[in-house]
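The values are calculated or read from the model by the stated rules, or taken from the named source; none is laboratory data. Just so it is clear, the model here is predicted, and its values are computed rather than measured. Positions of Cβ are backbone-derived with ideal geometry, glycine not excepted, and every protein chain shown enters the neighbour counts. Heads up: the accessible areas ignore ligands, DNA and RNA and are worked out on the full protein's heavy atoms, side chains in. Shrake-Rupley method; radii C 1.70, N 1.55, O 1.52, S 1.80 Å.
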Amino acid sequence: MQRTRPPFRADHVGSLLRPPRLREARARFAGGEIAAAELQRIESLEISTAVQRQKQNGLRLATDGEFRRAWWHFDFLKFLGGCEIHKAEGAVVGGRVTSGESIRVTGKLDFPADHPMLEHFKLLKDRCDLAGVTPKMTIPSPSMLHYRGGRDAVSREAYPDIDAFFVDLAMTYRKAVKAFYDAGCRYLQFDDTSWGYFCSEDQRAKLRARGEDPETLPGVYARVINYAIAERPPDMTITTHVCRGNFRSNWIASGGYEPVAELLLAGVNYDGYFLEYDSDRAGGFEPLRFLTAGNKIVVLGLVTSKDGALETKDDIKRRIDEAARLVALDQLALSPQCGFASTEEGNILTEDQQWAKLRFVADVAGEVWGR
C-alpha cells in the first residue's frame, strides 16, 4: 500500500546535480560578474524546474535539490547564532583533498528568526503547492555541529562545560524545528554522517585519538536529537539520512549498522530512517530487527547515487524481500542511497542518469507497494 504522508514508498534523500545554468551562474557570481539578486533569480528558476522534474518522474515529494548551497551542512550551520566558518585541514576522500572549510562555535548557540533557509523553504513550498507535491526540507543533524571538530571546535570561553553546549544545541534545534513548522514545513530531514561513522572501526579509532569516546557519544547525540524533535506537532514528519560519505561519488565509512542499530532505530525518535544499502560496506539487514513496531519507516537506500549504471528491478525487489523478513513490508520504503550532489561539485553521473534513477525508484516502489 502506498503512503499518504512522508516518508513515501518512493522517496529520495535530497540533493540533486546542479544544472549547467546554475553552475555557470555560481561561477559568474564568484567572479563578481553578476549580483546576488541575479544568482538568486536563476536559483529560483532552476528550483522550479527541479520540482516539476521530480513530480514528472513519479515522486510525491520534491526538494530544492540544495541548489542554493555549496555544502550540504555548512551552508545551514554557519547561520546559527554563535557559529562561523573557518579554514581547516582538508580531508582526503578517494584520493582527492576536499575544501579546507569547517565550522566552529565561537559564542552561545541560537537559531535566528531570520535564518535564510526559512525563506528558501518558503519558495520551495510555493513551487510544490503549485505542482501538487509535498515539499521536503533537508538540514544537517545537530550532531554535525560537534562530530567533525569535537571539543576543539567549541569555544571554551563560551562553553567551559561541554554539557552546556549540548543543552544549547538541543534547544537551538528545537527552535529550528518550530520555525520550519511555522513556515509550513511538514517534512523535515536531519542529514547525519555520525551514525555511519560510528560503524567504522577506522573512524572510531580517530574519535579515540582526539579524546572522544565512541561508546558514549552516540547516547549524547541521541538525547540532543530527541529533545530537539520532542515537540514537533503530529502532522510533522522528521526523518534522518545516515550517510557514509558522498563527496564526488567517494565514500568514507564502512561497516554494518550493528554498533548503533538498537540505539538509533529503537532509541532515537525519528519517524523514518534513510539507510544506505547500495553496497556490502553497509553489511546485511540484520540490524533492522531493532526497528520498533508501529509507524516508523526504514527507507532502504538500495539504488546507488554514486554512478549512473541502472540497477535491475529483480535485484532490488529481491533485496526488499530480504529486508522484509526482518521488518514488516509496510515499514519499508525505497530510495537512492544518498543525494546526487552533497557538495556543489556533484557525483560522477549525468543529469539524465540521475532522473532515470529516480524514475526507477518510483517504478519499483509502485510494483512492490502498489500504485
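Quick look at the numbers
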quantity	calculated
Given (1) under 13 Å from ASP11 (Cβ atoms); (2) free of Cβ contacts under 8 Å to residues at least 24 places away in the same chain; (3) of a type in the set (A, V, I, L, M), number of the condition LEU358 does not satisfy	(2)
Selection from segment 344-355 of residues that are open to solvent by 10 Å² or more (accessible area, probe 1.4 Å) and either free of Cβ contacts under 8 Å to residues at least 12 places away in the same chain or closer than 16 Å to GLN54 by Cα (or both)	THR350, GLU351, ASP352, GLN353, TRP355
Count of segment 318-343 residues which are within 30 Å of ASP64 (Cα to Cα) and open to solvent by 10 Å² or more (accessible area, probe 1.4 Å)	5
Flag for ARG151 being among the basic types (Lys, Arg), open to solvent by 10 Å² or more (accessible area, probe 1.4 Å) and modelled with pLDDT of 95 or more	no
Pick from segment 282-335, criterion in contact with a strand residue (DSSP E or B) (Cβ under 6 Å, 6 or more places away or on another chain) and among the hydroxyl-bearing types (Ser, Thr, Tyr), ranking: farthest from ARG5 (Cα to Cα)	SER305
Qualifying residue in segment 165-184 (condition: over 17 Å from CYS83 (Cα atoms), at pLDDT 95 or above and open to solvent by less than 10 Å² (accessible area, probe 1.4 Å))	yes
Segment 299-317 - residue that is among the polar types (S, T, N, Q) and surrounded by 13 or more Cβ atoms within 10 Å (Cβ to Cβ) and, of those, nearest to the chain's Cα centre (by Cα)	SER305
Checklist (1) surrounded by 15 or more Cβ atoms within 10 Å (Cβ to Cβ); (2) touching a helix residue (DSSP H, G or I) at 6+ places or on another chain (Cβ under 6 Å) applied to ASP278, failing item	(2)
Number of positions in segment 117-148 that are open to solvent by 20 Å² or more (accessible area, probe 1.4 Å), in contact with a helix residue (DSSP H, G or I) (Cβ under 7 Å, 6 or more places away or on another chain) and within 26 Å of ALA230 (Cβ to Cβ)	1
